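Before any comments, here is the structure.
The values are calculated or read from the model by the stated rules, or taken from the named source; none is laboratory data. Since this is a predicted model, take the numbers as computed values, not measurements. Positions of Cβ are backbone-derived with ideal geometry, glycine not excepted, and every protein chain shown enters the neighbour counts. These area figures cover heavy atoms from the full protein model, side chains too; ligands, DNA and RNA do not enter into them. Shrake-Rupley method; radii C 1.70, N 1.55, O 1.52, S 1.80 Å.
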Amino acid sequence: MNLWIAFSLIAAFILLCPIFLTIYLYTDLRSRKSWFAFYVLRYIKLHGGYAALYRAGVAFHLTNKKAVLLPYKEMLGANKKFRITRGFRMLAYSHVFEAGSRENAAGALALSALMQSGTAVACGVLRKRKKCRSFKADTLFYTDADVLKLSQRVVLVFNLFIVLAAAAKLLLRKILEVVAAYEQNKQKQKSK
C-alpha cells in the first residue's frame, strides 16, 4: 500500500514539475535567414536549424539534407492549430537589436529608435497580459558597418501534464475528423 502511495506521489511530481524550454533565435535580416535552437532546462539541446524565405513561403532547414516547406497560405490558418500552446507560459524574454549603415546612418538611427519604442510597448503588454517576469532589450547602433540583426531568447515554462493534455486533444481532434470523413463517405454511398 505504501508503495502505491509513493508511486502516486512521484508520478504527480513528474506530471506537475515545471519544465523550462529555452528558444534561441538569431535573425540576419540582410541575408534573410533565421537560425533557431530549442533547449530543455537550458543545457539539453532538442533541435536546431535555420529558416529561409523562398518564393511561396518559409523553408525550415532541419538538417543538411532535410527541409520542411511552409507555404504562406498555411501560415494564415496556423493560428487555430497553435491554440494548444496556451498552457505554455512565457517566463522571460530578451533581445538585442543591431542596426547600422555606412551610407544612411540617420535611417539606421531612426530604425533603432523605432525598435526601442516598439520594445517599450511590447514590454508592457507581455508583463501585464502574459505575466512575463523578465523582459530585457538592448539596441546596438553602428555607424561604420551595414548591419541589421536581431538576437532573441525566449524562456517558456510548462509541465508534462499540459503536454499530455495537448497530445490527447490533438488525438481526439484527429479521431473526430476521421469519423466525420467516414460518415460523409457513408452518406455519399447511400445517396448513390
Single condition residue 90 does not satisfy, out of (1) of a type outside the set (Val, Ile, Thr); (2) at pLDDT 85 or above; (3) open to solvent by 30 Å² or more (accessible area, probe 1.4 Å); (4) more than 23 Å from residue 156 (Cβ to Cβ): (4)
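Looking only at segment 1-15, filter to residues that are of a type in the set (A, V, I, L, M) and more than 11 Å from residue 161 (Cβ to Cβ); which one of those is most open to solvent (accessible area, probe 1.4 Å)? Working first, answer last.
Initial filter on segment 1-15 (of a type in the set (A, V, I, L, M)): 1, 3, 5-6, 9-12, 14-15.
Then keep just the ones that are more than 11 Å from residue 161 (Cβ to Cβ); that gives 1, 3, 5-6, 9-10.
Working: 1: 168, 3: 138, 5: 87, 6: 44, 9: 118, 10: 101 Å².
Within segment 1-15, the match that is most open to solvent (accessible area, probe 1.4 Å) is 1.
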Residue check, residue 114 against (1) assigned to a helix (DSSP H, G or I); (2) at pLDDT below 90, all met but one. Which one? (2)
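This table checks each residue for (1) free of Cβ contacts under 8 Å to residues at least 40 places away in the same chain; (2) within 21 Å of the chain's Cα centre (by Cα); (3) open to solvent by less than 40 Å² (accessible area, probe 1.4 Å).
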| residue | (1), (2), (3) |
| --- | --- |
| 102 | no, no, no |
| 106 | yes, no, no |
| 110 | yes, no, no |
| 129 | yes, yes, no |
| 140 | no, no, no |
| 155 | no, yes, yes |
| 159 | no, yes, yes |
| 166 | no, yes, yes |
| 172 | yes, no, no |
Please work out which one of (1) assigned to a strand (DSSP E or B); (2) open to solvent by 60 Å² or more (accessible area, probe 1.4 Å); (3) in contact (Cβ under 8 Å) with a residue 60 or more places away in the chain is the condition residue 47 fails and give its number. (3)
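Scan segment 16-44 for residues that are under 21 Å from residue 155 (Cβ atoms), surrounded by 14 or more Cβ atoms within 10 Å (Cβ to Cβ) and of a type outside the set (S, T, N, Q) and jot them down.
If the condition is that a residue be under 21 Å from residue 155 (Cβ atoms), surrounded by 14 or more Cβ atoms within 10 Å (Cβ to Cβ) and of a type outside the set (S, T, N, Q), then 19, 20, 21, 23, 24, 25, 26, 35, 36, 37, 38, 39 are the ones that fit.
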Mind checking which pairs have a first residue in segment 60-73 that is closer than 16 Å to residue 35 by Cα and open to solvent by less than 100 Å² (accessible area, probe 1.4 Å) and a second that is not in a strand (DSSP E or B) and not basic (Lys, Arg), Cβ under 7 Å, 6 or more apart or different chains? 68/62
